[in-house]
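A quick write-up on the structure given underneath.
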Amino acid sequence: MPAPTEATVTESLTANMDMLRFATAGSVDDGKSTLIGRLLLDSKSIFEDQLEAVEATSASKGYDYTDLALLTDGLRSEREQGITIDVAYRYFATPARKFIIADTPGHVQYTRNMVTGASTADLGLVLVDARQGLTEQSRRHAVILSLLRVPHLVLAVNKMDLVDYSQEIYDKIQAEFTTFATKLNIPDLEVIPISALAGDNVVNRSENMDWYSGPTLMHHLENVHVASDRDLVDVRFPVQYVVRPKSDEHHDYRGYGGMVAGGVLKPGDEVVVLPSGMTSKIAGIDLFDKEITEAFPPMSVTVRLEDDVDVSRGDMIARPANAPKPSQDIDAMICWMADAPLKPRQKLAIKHTTRVARALVKDIQYRLDVNTLHRDQETKELGRNEIGRVQLRTTVPLLCDPYSKNRTTGSFILIDEATGITVGAGMINNAS
Amino acid sequence: MTQTHADYRLSQLDQLEAESIHIFREVAAEFEKPVLMFSGGKDSIVMLRLAEKAFYPAKIPFPVLQIDTGLDFPEVLVTRDNWVNRLGVKLVVASIDDAIANGVVVDDGKTSRNRMQTAVLLNAIEENGFTAAFGGGRRDEEKARAKERVYSHRDEFGQWDPKMQRPELWSLYNGRLHAGEHMRIFPISNWTELDVWDYIGREGIEIPPIYFSHQRRVFERDGMLMSETPLNPLRQGEVVEERTVRFRTCGDISLTGCVESTASTIPEIIAEVSIAKLTERGATRGDDRFSEAAMEDRKKEGYF
């Protein structure tokens with residue numbers, strides 16, 4: 001071991017904080033970039049050279065104001081077209097939390113990018129322009145966030161300054177959206193009236209809307225309770241990598257590396273290894289050179305078993321009385337991402353947890369209109385950016401749960417075997 | 001006593017560590033011949049530490065690749081050797097001087113060594129048949145990087161096509177390749193500069209001493225403080241003086257500037273980084289200053 005750089009081991013205040021990943025959706029017109037710019041500026045997460053570069057570019061384009069969208073639109077093609085195309089990840093921290101923003105485009109032709117950003121989010125932030133009220137776009141964003149089971153949703157009613165901070169307008173949008181949300185799976189909803197430009201209710205409480213008694217956006221982001229979103233009951237440990245040192249010092253060591261996808265694992269626990277169904281007990285759980293007493297999501301650990309059972313990558317460790325049923329018939333919602341449409345009888349590669357197999361499209365049950373929630377059963381294919389309910393048959397059993405129960409063991413990606421490109425994202429309804 | 005959910009809390013730094021370890025294991029399991037690109041800088045040291053943890057008590061199951069620009073800080077090479085020896089990993093060095101001698105790259109006197117690195121790196125990847133190369137890039141560093149995937153696909157020419165990136169969902173990574181292609185892997189994509197320092201402090205690991213405050217003979221060029229060295233001859237009007245400085249990044253000695261600083265411990269560096277007004281690359285990296293899309297252009301060609 002090299003000499004430590006310092007005798008005392010230290011960390012800054014941010015090291016021990018919680019993390020919140022949230023996804024934003026919207027277009028420049030909704031004021032999304034202004035809002036992100038304000039969150040970054042007010043939390044002092046924009047550096048002078050970044051701001052100067054953006055100011056210089058804005059000036060050279062003849063704008064009257066600094067276009068904060070230039071901060072997030074990182075690719076040349078995006079700056080040229082003035083739109084966000086790809087998902088951009090931004091980072092900021094306040095004394096309470098560290099935040100990762102997945103900034104996604106709002107247009108329907110980039111639905112796949114929004115699905116991507118939402119897949120890892122704890123919270124989704126949808127913006128509406130108070131002057132326009134709910135639009136097809138804002139409804140679509142809420143639908144996608146609920147399909148991806150993002151547990152917390154914030155509807156930010158922006159540009160309140162342009163409607164004289166009218167409570168009546170806010171109430172109307174709030175009521176309309178709450179009614180719409182009852183059709184979706186949204187466990188936690190907050191509707192916040194803001195002005196990103198003027199700063200009302202973003203970080204500081206607005207003096208112009210004393211009729212609003214809820215939290216500011218930042219207060220909500222800092223305090224929304226996300227720890228209980230994880231499943232700490234159903235033990236799911238997909239085996240990722242078998243650790244075998246084959247050295248004199250650790251001659252008999254055999255451990256199973258992986259990230260806990262659900263439940264709490266403890267030494268002494270009885271476990272079952274799937275798909276073989278063999279049972280054993282946890283002999284120990286290692287985190288680098290330390291033995292730990294518990295492992296829970298999303299820790300990456302190495303699990304050792306008491307018996308010398310055959311375990312390899314793609315297997316799953318669960319509890320004998322609480323294990324997923326291995327299944328080759330999968331019923332899932334799929335967001336299709338390729339140019340050529342998804343059709344019945346198509347064969348694809350599927351990656352689910354640490355397991356790779358092939359899948360055959362048995363049936364496309366319906367296509368979901370993400371604007372109206374209408375189920376179109378006539379069209380038997382899914383085009384790019386479309387979402388539908390699909391039946392798959394896989395070459396080997398998957399060890400899965402419904403996506404509504406576990407976002408890790410309930411999700412998969414589809415890969416085109418010829419091009420190697422990721423062409424679909426799946427969320428499992430049922431496996432039989 | 002029953003434990004409540006709140007007890008099963010993982011700090012953000014622990015979450016980042018868990019995510020990075022997951023990525024290392026995934027790559028080691030799925031790729032035939034991975035390699036870790038090691039510059040000796042703080043980000044690649046954090047990567048090595050994470051790789052050490054991912055496979056412990058086994059050794060890191062892939063080699064480490066360094067591009068010797070001939071313009072590396074000697075202190076950085078010492079730190080590199082200490083790490084490689086302690087972990088017992090294989091070190092592959094690809095040298096720009098050798099590449100020039102062998103005709104792999106042409107030194108036309110105009111191209112910077114930073115630019116030549118790309119050709120030497122791609123050549124080393126091809127010659128060794130590496131299919132995945134870990135890099136220490138972080139998304140908070142630069143806005144083109146903010147859009148790059150953890151698994152970043154490179155074609156047979158080593159090029160990155162930002163418009164053709166594969167969607168990356170949940171923690172399901174797609175490592176499919178055709179012959180001749182390779183994947184760049186960025187396991188610390190979600191870390192910020194502050195996280196890297198926090199982790200170095202928490203782990204108590206060795207980093208090159210040039211990151212800490214020291215006396216150095218420097219001169220000013222393009223608003224940056226550059227090291228006096230025979231590798232970087234003075235231009236007219238440049239005056240050398242001794243200042244108390246430290247480096248925020250470890251690049252090529254002719255392009256990497258230092259900042260005036262008295263921070264000589266990790267907590268002092270963390271305090272300094274917390275209130276810094278310039279990004280680390282904007283402040284001290286000549287290679288990123290050429291244009292707004294300097295990084296995007298170099299990345300497309302196959303840069304780190």
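The values are calculated or read from the model by the stated rules, or taken from the named source; none is laboratory data. The model shown is predicted, which means the values in this text are computed figures rather than measured ones. For neighbour counting, all protein chains shown are included, and Cβ atoms are generated from backbone atoms with ideal geometry for every residue, glycine included. Side chains included, ligands, DNA and RNA excluded: accessible areas come from the protein's heavy atoms. Shrake-Rupley method; radii C 1.70, N 1.55, O 1.52, S 1.80 Å.
Working note: Karplus 6.51/-1.76/1.60 with θ = phi - 60° gives the stretch A:299-310 the couplings 6, 9, 9, 10, 9, 10, 10, 6, 9, 8, 8, 7 Hz, where Gly and Pro are set to x.
If you average the C-alpha positions of the stretch A:369-419 and of the stretch B:73-93 separately, how far apart do those two centres end up, in angstrom? If we compute the Cα centre of each part, the gap is 47 Å. In straight-distance terms, cross-link reach from A:LYS362 covers every one of the aspartates and glutamates whose alpha-carbon lies under 13 Å from its own, apart from those fewer than eight places away in the same chain; here that gives A:ASP329, A:ASP331, A:GLU381.
Chains A and B: buried accessible surface, both sides, probe 1.4 Å, rounded to 100 Å²? Please report the intermediate quantities before stating the final value.
On the way: alone 21290 and 15120 Å², together 28780 Å².
So the buried area, both faces added, is about 7600 Å².
Contact order for chain A, expressed relative to its length and based on alpha carbon pairs under 8 Å spaced 6+ residues apart, stands at 11 percent. Comparing A:PHE180, A:PHE412, A:PHE288 in a Gaussian network model of chain A (Cα springs below 10 Å), the most mobile by mean-square fluctuation is A:PHE288.
Within the listed set A:ASP289, A:ASP310, A:ASP363, the residue fluctuating most in the Gaussian network model of chain A (springs between alpha-carbon atoms under 10 angstrom) is A:ASP289. Across the stretch B:14-19, coupling constants 3J(HN,Hα) worked out from phi with the 6.51/-1.76/1.60 Karplus curve, θ = phi - 60°, read 5, 5, 5, 4, 4, 5 Hz, and Gly and Pro carry x.
Within the P(r) computed for the stretch A:230-374, what percentage of the Cα pairs occupies the region above 27 Å?
Values: 3807 of 10440 pairs.
Value for the stretch A:230-374 (Cα pairs over 27 Å): 36 percent.
Run the accessible area of chain A with a 1.4 Å probe and give the carbon-and-sulfur part as a rounded percent. It would help to have the intermediate numbers written out before the result.
Working: 8190 of 17490 Å².
Reported share for carbon and sulfur atoms: 47 percent.
Phi-derived couplings, Karplus 6.51 cos²θ - 1.76 cosθ + 1.60 at θ = phi - 60°, listed residue by residue for the stretch A:250-266: 10, 4, 9, 5, 9, x, 10, x, x, 10, 5, 9, x, x, 10, 9, 9 Hz, with x used for Gly and Pro. Of all lysines in the structure, those lying under 26 Å Cα to Cα from B:LYS110, and not within fewer than 8 positions of it along the same chain, are B:LYS299, B:LYS300. Just the number, please: Stokes-Einstein D of chain A in µm²/s, Kirkwood Rh from C-alpha pairs, 4 °C, 1.567 mPa s. Translational D for this selection: 54 µm²/s. Here the dipole of the stretch A:338-432 is about 340 debye; that uses its Cα centre as origin and unit charges on the Cβ of Lys and Arg (positive) and Asp and Glu (negative).
If eta is 1.002 mPa s and T is 20 °C, what Stokes-Einstein diffusion coefficient results for the stretch B:23-70, Kirkwood Rh from Cα pairs, in µm²/s?
Details: Rh = 11.4 Å.
Calculated translational D: 189 µm²/s.
The largest-to-smallest principal axis extents of the Cα set in the stretch A:237-318 are 33, 25, 21 Å. Just the Kirkwood number for the stretch A:152-295, please: inverse of mean 1/r across all distinct Cα pairs, in Å, one decimal. Kirkwood radius, the stretch A:152-295: 19.8 Å.
An oblate overall shape is assigned to chain B, the ratio a/c of its alpha-carbon gyration tensor axes (a ≥ b ≥ c) being 1.5 or greater and a/b not exceeding b/c.
Under 8 Å for C-alpha pairs, at least 6 residues apart: give me the relative contact order for the stretch A:237-318, rounded to a whole percent. Mind dumping the intermediate values first?
Working: 187 pairs, mean separation 30.2, N = 82.
The value is 37 percent.
How big is the dipole moment of the stretch A:237-318 about its Cα centre under a simple scheme where the beta carbon of each Lys and Arg is +1, that of each Asp and Glu is -1, and everything else is neutral? Debye, nearest 20, please. Don't skip to the end; give the middle numbers.
Working: 8 positive and 14 negative charges, 55 e Å.
It works out to roughly 260 debye.
Projecting the Cα positions of A:SER247, A:ASN16, A:PRO187 onto the charge dipole of chain A (unit charges on Cβ atoms of Lys, Arg, Asp and Glu, taken about the Cα centre) puts A:SER247 furthest along the positive direction.
With viscosity set to 1.306 mPa s at 10 °C, what whole-number translational diffusion coefficient in µm²/s follows for the stretch B:101-174 from Stokes-Einstein and a Kirkwood radius over Cα pairs?
Numbers: Rh = 14.5 Å.
In µm²/s, the coefficient rounds to 109.
Counting only C-alpha contacts under 8 Å and six or more residues apart, can you give the relative contact order of the stretch A:327-431 as a whole percent? That works out to 39 percent. Taking a ≥ b ≥ c as the square roots of the eigenvalues of the alpha-carbon gyration tensor, the stretch B:33-132 is classed prolate because a/c is 1.5 or more and a/b outweighs b/c.
Averaged per residue, what accessible surface does the protein assembly as shown expose to a 1.4 Å probe, in Å²? Walk me through the numbers on the way to the answer.
Details: 28780 Å² over 736 residues.
The answer is 39 Å² per residue.
Once backbone amide H atoms are built at 1.01 Å from N, A:LEU398 has A:SER327, A:GLN328 as its partners under 5 Å, excluding neighbours fewer than 5 places away on the same chain.
The convex hull of the Cα atoms of the stretch A:327-431, projected and averaged over all directions, covers 6.1 nm².
Report, to the nearest whole %, how much of the accessible area of chain B belongs to carbon and sulfur atoms, 1.4 Å probe, protein only. With neighbouring chains kept in place, the figure for chain B is 49 percent.
Along its three principal directions, the equivalent ellipsoid of the protein assembly as shown from the Cα gyration tensor extends over semi-axes of 39, 34, 25 Å, largest first. Between A:ALA227, A:ALA156, A:ALA359, the GNM of chain A built on Cα springs shorter than 10 angstrom shows A:ALA227 fluctuating the most. Summarised in one figure, the compactness ratio Rg/Rh of the stretch A:222-262, Cα atoms and Kirkwood Rh, is 1.26. When Rg and the Kirkwood Rh are both derived from Cα coordinates, the Rg/Rh ratio for the stretch A:166-222 amounts to 0.99.
Taking a straight line from the alpha carbon of A:LYS98, these lysines sit under 22 Å away, with near neighbours fewer than eight places off in the same chain left out: A:LYS32, A:LYS44, B:LYS42, B:LYS143, B:LYS147, B:LYS277.
A P(r) calculated from all alpha carbon pairs of the stretch A:295-361, with 5 Å bins opening at zero, reads 3, 9, 18, 21, 15, 12, 10, 7, 3, 1 percent.
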